[in-house]
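Here's the structure we're looking at; comments come further down.
The values are calculated or read from the model by the stated rules, or taken from the named source; none is laboratory data. Remember, predicted model here, so these are calculated numbers, not experimental data. Glycine also receives a Cβ, built like all others from the backbone with ideal geometry; neighbour counts cover every protein chain displayed. To get the accessible areas, we keep the full protein, side chains included, count just its heavy atoms, and leave off ligands, DNA and RNA. Shrake-Rupley method; radii C 1.70, N 1.55, O 1.52, S 1.80 Å.
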Amino acid sequence: MTDPTCIFCRIVRGEIPCEKIYEDDAVLAFMDIGPIIKGHALIIPKAHYERIIDVPPDLLGRVIAVTQRVARALFDGLGADGVNIHQTNGAVAGQTVPHVHFHAIPRFEGDGHSWNWRAGAYADRAEMAGLAGRLRDALKSS
Ligand code: AMP
Ligand code: ZN
């Protein structure tokens, strides 16, 4: 499972350099070249899957377990005050590299970063319940 045109597959194959922080037979973690906050790392499966929904659950569990270890290293190794874990699926969600990845971003008091997170509102309770019903149905068949 590799894509010759995928930049992260090329990193896995060693064709493009990366600043590696962790590697095993299935998972790779390395520094993000454009850090939101310095120390920002990426965790990926070595095999090419585009979105979180494409990854076999056992492998996804291993990627998330490494993500947890990287988060701990950000706290313990870099002295982070907090950590954001961020993950994107699809261009509309901001995914620029179509190889599934988890961002682990250290946060420090006064680091100046803020997420553009605007809380919205449902028209009424029925609108939320309708969407919840569709999700419950989808979850039954997933
Ligand atoms: P996303 O926008 O969620 O798809 O995240 C892609 C991330 O990959 C961005 O944060 C980029 O800075 C990062 N990135 C792209 N190319 C490289 C590279 N060659 N080495 C390390 N990080 C990269
Ligand atoms: Zn890939």
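The table that follows gives values for the structure above.
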{"quantity": "Gly133 over 20 Å from Pro35 (Cβ atoms) and open to solvent by less than 80 Å² (accessible area, probe 1.4 Å)", "calculated": "yes"}
{"quantity": "Per-region count, the range 55-109, residues touching a residue at least 60 places away in the same chain (Cβ under 8 Å) and under 13 Å from the mean Cα position of the chain (by Cα)", "calculated": "8"}
{"quantity": "The range 1-48, residues that are open to solvent by less than 40 Å² (accessible area, probe 1.4 Å), more than 8 Å from ligand 2 (Cβ to nearest atom) and farther than 20 Å from Ile64 by Cα", "calculated": "Ile37"}
{"quantity": "Residue that is nearest to ligand 1 (Cβ to nearest atom), among those in the range 1-30 that are in a loop (DSSP other than H, G, I, E, B) and charged (D, E, K, R)", "calculated": "Glu19"}
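Results for (1) in contact with a helix residue (DSSP H, G or I) (Cβ under 8 Å, 6 or more places away or on another chain); (2) more than 16 Å from ligand 2 (Cβ to nearest atom); (3) closer than 17 Å to Cys6 by Cβ; (4) open to solvent by less than 60 Å² (accessible area, probe 1.4 Å), shown as yes or no for each residue.
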{"position": "Ile52", "(1), (2), (3), (4)": "yes, no, yes, yes"}
{"position": "Ala71", "(1), (2), (3), (4)": "no, yes, no, yes"}
{"position": "Asp81", "(1), (2), (3), (4)": "no, yes, no, no"}
{"position": "Ile85", "(1), (2), (3), (4)": "yes, yes, no, no"}
{"position": "Asn116", "(1), (2), (3), (4)": "no, yes, no, no"}
{"position": "Ala121", "(1), (2), (3), (4)": "no, yes, no, no"}
{"position": "Arg125", "(1), (2), (3), (4)": "no, yes, no, no"}
